[in-house]
Amino acid sequence: NEAEFSIDVAKPREGGWKSFQLKLKEFENYADISSMSNDWLVSPRFCCRGDEWSLKIYPGGSYDAPEGYLSIFLQHHPNSLHAGQKSAVKFEIKILDKFGATKKVMGLTIPKKRFDSQRSIVIGFKDFMSISDIFDTSQNILDGRWGTSLIIAVSIKEPPTAAFVPKNPFQDMMQNKFLDEESSDVCFEVSTVEANEDNTSRARTLIPFRAHRFILEICAPMLAELFGDGEPPVVTVNDIKPDVFHQLLWYVYGGTVPETPLKEYAKDIIDAADKYSIVNLKLEAEAAYVESTTITADNAMDNLLYADAKNLAVLKEAVMDFLADNGGEVIGNVSLDQFPGHLVRDLLVATTRRNEGDSGRDDDFTTMRVSELRRKLHEKGLGMNVDGSREAMIEALRSGAAESCERLRLMIYSNRLDD
């Protein structure tokens, strides 16, 4: 059965993986298990490794699937003009939530001998994910009360095409200078106060973090400004925990904050990155916080006020989705006295998206999700606006489009004058 899908080529993964993102629209229409068992839906075909591929999705499970499970299979469509696959094929299938986070991933390797017959291959997972988990609103997998679309990502490992060449060593060289005492010319002293066994405070301890003014001026100007123009090249930082400052400074030097501390210290990292305008780290910590936090009636307002204070558009969107999806529970259990009036539009957007879904138009930003708005800003070279509110991001995109049209008009006019 042909279902209504949209399909996009996703950003390539490191290691030679080509990825595709498929959105099965109106998934709730296919989720009647009693009538859909062993009935499948077929995605549009996508090209990789010289052949075509598609997904076969069984909303009610394949004939041998456990009851209540979604089955997903990858189907290979050989190209008669193509010599066939010369090596085994590794693939992964993921279900993503509406924020783009992975909720379930499974992978397999198709042996080379399976491709020798030039016949179509179907391989996958009869028990990929429980239907009840997909419709569990706390999982954030589907939009709206009953769901509007299911997002599935497929990654296929490409065969090696060239000799291995090490990456540009600049990042490694930069990180090798992290906390380097010999070459550093400035120092942060981060204070910490530890408690005694009787919970009284000990004397303050200063932990040094050596750095390079030149790197700070380029990558974290607000940290560089703490040193001013002269001596001494030492400043004391009293408002950030040493562990958090270590991750902050490591990020400034091109490092990646590991997942565990990113989630454990998410709010502390957000606060520090917001204060010193290290935008990308703030966005990473925000995403980690949203992924690890379940919005409930008890914490919805606290999270909304925090998101508004720190300009956390994704967290704000997650809270608005909860409010729109759980109106009855919210009315009875959440005090809306502190609800910021300027966020009413965001709530209306979430309600509209719940009832009507996204418009699907690439230039209609009205109900577009925050992550998609940020991606478009980045692609258009407007990355300095990704830390803005939803309205600010939309305005930046529209202004950028208008400026592009005006430049094109002037270019055409100039060419006509030259002719």
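The values are calculated or read from the model by the stated rules, or taken from the named source; none is laboratory data. What you see is a predicted model; the values in this text were computed from it and never measured. Every residue, glycine among them, receives a Cβ derived from its backbone with ideal geometry; neighbour counts consider all protein chains shown. Just so you know, the surface numbers come from the protein's heavy atoms only, side chains and all, with ligands and any DNA or RNA stripped out. Shrake-Rupley method; radii C 1.70, N 1.55, O 1.52, S 1.80 Å.
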* Structure fact -> Listed by range, helices (runs of 4 or more DSSP H) wholly within the stretch 283-367 having at least 3 residues that are in contact (Cβ under 8 Å) with a residue 60 or more places away in the chain are 313-325, 344-356
* Scanning the stretch 109-138 for residues that are assigned to a loop (DSSP other than H, G, I, E, B) and among the polar types (S, T, N, Q), which turns out modelled with the highest pLDDT? -> 120
* Asked: Considering the stretch 228-256 alone, what residues qualify as being farther than 21 Å from residue 174 by Cα and either outside any loop (DSSP other than H, G, I, E, B) or open to solvent by less than 60 Å² (accessible area, probe 1.4 Å) (or both)?
  -> 228, 230, 234, 235, 236, 237, 240, 242
* **the stretch 97-113, subset among the hydrophobic types (A, V, I, L, M, F, W, C) and within 14 Å of residue 130 (Cα to Cα), residue least open to solvent (accessible area, probe 1.4 Å)** => 106
* Report yes if residue 375 is in contact with a helix residue (DSSP H, G or I) (Cβ under 9 Å, 6 or more places away or on another chain), modelled with pLDDT under 90 and within 17 Å of residue 391 (Cα to Cα), otherwise no. => no
* To do: Working only within the stretch 47-79, note down all residues that are among the hydrophobic types (A, V, I, L, M, F, W, C), without any contact (Cβ under 8 Å) to a residue 60 or more places away in the chain and open to solvent by less than 50 Å² (accessible area, probe 1.4 Å).
  => 73
* Structure fact -> Listed by first then second residue, the pairs whose first member lies in the stretch 82-93 and is within 14 Å of residue 125 (Cα to Cα), whose partner is modelled with pLDDT under 70 and open to solvent by 50 Å² or more (accessible area, probe 1.4 Å), with beta carbons under 6 Å and at least 6 positions apart or on separate chains, are none
* Where residues in the stretch 17-59 are touching a strand residue (DSSP E or B) at 6+ places or on another chain (Cβ under 6 Å) and small (Gly, Ala, Ser), which of them is modelled with the lowest pLDDT? -> 43
* Structure fact -> Selection from the stretch 227-247 of residues out of contact with any Leu (no Cβ under 9 Å at 6 or more places or on another chain) and under 16 Å from residue 275 (Cα atoms) yields 238, 239, 241, 242, 244, 245
* Structure fact -> Subset of the stretch 301-338, residues surrounded by fewer than 18 Cβ atoms within 10 Å (Cβ to Cβ), touching a helix residue (DSSP H, G or I) at 6+ places or on another chain (Cβ under 8 Å) and either charged (D, E, K, R) or modelled with pLDDT under 90 (or both), comes to 330, 335, 336, 338
